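The values are calculated or read from the model by the stated rules, or taken from the named source; none is laboratory data. What you are looking at is a predicted structure, and each value in this text was computed from that prediction instead of being measured. Ideal geometry is used to build each Cβ from the backbone, glycine not excepted, and the neighbour counts take in all protein chains shown.
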Amino acid sequence: MSRALLGAVVGGAVGAVIWAAVSFYGNMEVGWIAWGIGVLVGLGVRKAMKPEQLNVRIGLLAGAVALLAVAVGKYASVYMAIESARAQPITMTDELAISYLADDVIKERLDSGGEVAWPHGEPGEELDSEDDYPADVWAEGKSRWSEMGPGGQGEYKVKLKTQIRENFDRFAPEMQMQGFASSFEAIDLLFLGLAVYTAFRLGSSTVAVKAT
């Protein structure tokens, strides 16, 4: 079993690396690579074992390793993408800084029982430019920005960058898990099933495989 596990892990590791590399550097997911991981796991087992040693237990082991390898490959690709985004420098423009002040204006109004007349009926998913805010809200945010003066504006930008970086660091693990969970679609489950089944068949069958 230890030899079978070693062969399965080696094959799964190679497949997981290929999956993560293609997904991250190619900015795409190729479902059949998951199936290929199952093949690599199964071939790894067959390479480590003698044909007469293959059985259902070995097949189940291969199937489990294939499942884990696909999951590791998918998670690695999400992890690499988020870490790459976190490493990017934060660009803080005057307009973006003013949008944070406009957010403060909106919060103060809502907390005091006031209303906000959004220009498009409802607020967008990203509020970071003048067109996204009511004119009076933006004017108030811009006024506060002007009152800061050059020195205060520079300090405020540094504060915002620090805050954004801290929030990214705090929520990175959660984003990684959400990205991993959302990466599984119907087609992914199909190829995952094929990967597990193929690894099981190669690990449990004594039928000769030409590739070996």
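A few points about this structure:
- Cβ pairs under 6 Å, 6+ apart, first in region 102-116 and under 19 Å from Glu126 (Cα atoms), second among the aromatic types (Phe, Trp, Tyr): Ala102/Tyr133; Ala102/Trp138
- A single member of Asp111, Asp132, Asp104, Asp136 is within 30 Å of the chain's Cα centre (by Cα) and either under 30 Å from Gly15 (Cα atoms) or not β-branched (Val, Ile, Thr) (or both), and it is Asp132.
- Screening Glu95 on (1) in a helix (DSSP H, G or I); (2) touching a helix residue (DSSP H, G or I) at 6+ places or on another chain (Cβ under 7 Å); (3) farther than 19 Å from Ala181 by Cα; (4) touching a residue at least 40 places away in the same chain (Cβ under 8 Å) shows it passes everything except condition (4).
- Considering residues of region 1-43 that are outside any helix (DSSP H, G or I) and over 14 Å from Ala62 (Cβ atoms) only, the residue modelled with the highest pLDDT: Gly26
- Taking the listed residues Ala186, Ala199, Ala195, the one that is under 26 Å from Val39 (Cβ atoms), within 22 Å of the chain's Cα centre (by Cα) and modelled with pLDDT of 90 or more is Ala195, with no other qualifying.
- With respect to being surrounded by 11 or more Cβ atoms within 10 Å (Cβ to Cβ) and either in contact with a strand residue (DSSP E or B) (Cβ under 8 Å, 6 or more places away or on another chain) or modelled with pLDDT of 95 or more (or both), Ser143 fits the description.
- Summed over region 44-98, residues that are among the small types (Gly, Ala, Ser), surrounded by fewer than 12 Cβ atoms within 10 Å (Cβ to Cβ) and modelled with pLDDT of 90 or more total 0.
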